[in-house]
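Report on one structure; see the data block that follows.
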Amino acid sequence: MANANRPAGLIPYRHMAGGIPMRLGAYSIVSGQTGALFQGDPVMLRGAGGVGREIIISPVTAAITSLVLGPFVGVQYTAVDGSIVYSNQWVSATVMKTGTTGIAYVYDDPDMLYIIQTSTLATADIGAGAQLVIGTGNTQTGISGCTLGAAAAPGINQMQILELLNSPDNEFGANAKAVVRIITQQYRSLTGTTN
């Protein structure tokens, strides 16, 4: 049975200490911020020039050492017409009502584990590190297109593969779902070494 190809970004799975992951952080997102965000997209805190705890999508496609705060969940903001908007995606350059700031929700606990679709996964990959691959999110569903690249040699990696997700519709091979942890988590700032 082949695994279904359905990227969905980082999906909260459980906390390393056990229990259901319900630890959401709230961060500001400003009117007109560029860069689309989809539910499950990895994001990071903005550096210089940010406003409060403003977030942007993590630039993980080029920099192996990019820090990752966690996955974006959704946003709440006041539209120009005064209506309150709740959405699982942020449309790039969305304009809010003058004088208001939106709230973006992120799973930001450094000890959370996530499920993510891999490019391919073998038993030998368990424990290895890998890089996030940012894909195109689905504007109809608001779901991320982010996946996990192939397992890499020990060294600096953003994620560590912990296990194959135990599910009847999941097996080793292409598009396998893996349980992972963020190694380069922004609040923890680990070295990223997986061995």
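The values are calculated or read from the model by the stated rules, or taken from the named source; none is laboratory data. Small disclaimer: the values here were computed from a predicted structure and weren't measured. Heads up, the Cβs are rebuilt from the backbone with ideal geometry, glycines too, and the neighbour counts pull from every protein chain shown.
State yes or no: is Ile156 farther than 15 Å from Asn5 by Cβ and of a type in the set (Val, Ile, Thr)? Answer is yes for this residue. Across the range 182-195, the qualifying residues are those that are crowded, with 17+ Cβ neighbours inside 10 Å and either basic (Lys, Arg) or not in a loop (DSSP other than H, G, I, E, B) (or both), and the one among them that is modelled with the highest pLDDT is Ile182. Among the residues of this structure, Pro42 does not count as one that is buried (at least 17 other Cβ atoms within 10 Å of the Cβ), farther than 21 Å from Thr139 by Cβ and modelled with pLDDT under 95. Considering every residue within the range 9-27, establish whether at least one is among the aliphatic types (A, V, I, L, M), assigned to a strand (DSSP E or B) and closer than 11 Å to Val106 by Cβ. Yes, the range 9-27 has at least one match. Which one is modelled with the lowest pLDDT among residues in the range 47-89 that are out of contact with any strand residue (DSSP E or B) (no Cβ under 9 Å at 6 or more places or on another chain) and more than 22 Å from Tyr187 (Cβ to Cβ)? If we take residues in the range 47-89 being out of contact with any strand residue (DSSP E or B) (no Cβ under 9 Å at 6 or more places or on another chain) and more than 22 Å from Tyr187 (Cβ to Cβ), then Ala62 is modelled with the lowest pLDDT. Being surrounded by 18 or more Cβ atoms within 10 Å (Cβ to Cβ), touching a helix residue (DSSP H, G or I) at 6+ places or on another chain (Cβ under 6 Å) and of a type in the set (A, V, I, L, M) is not true of Ala104.
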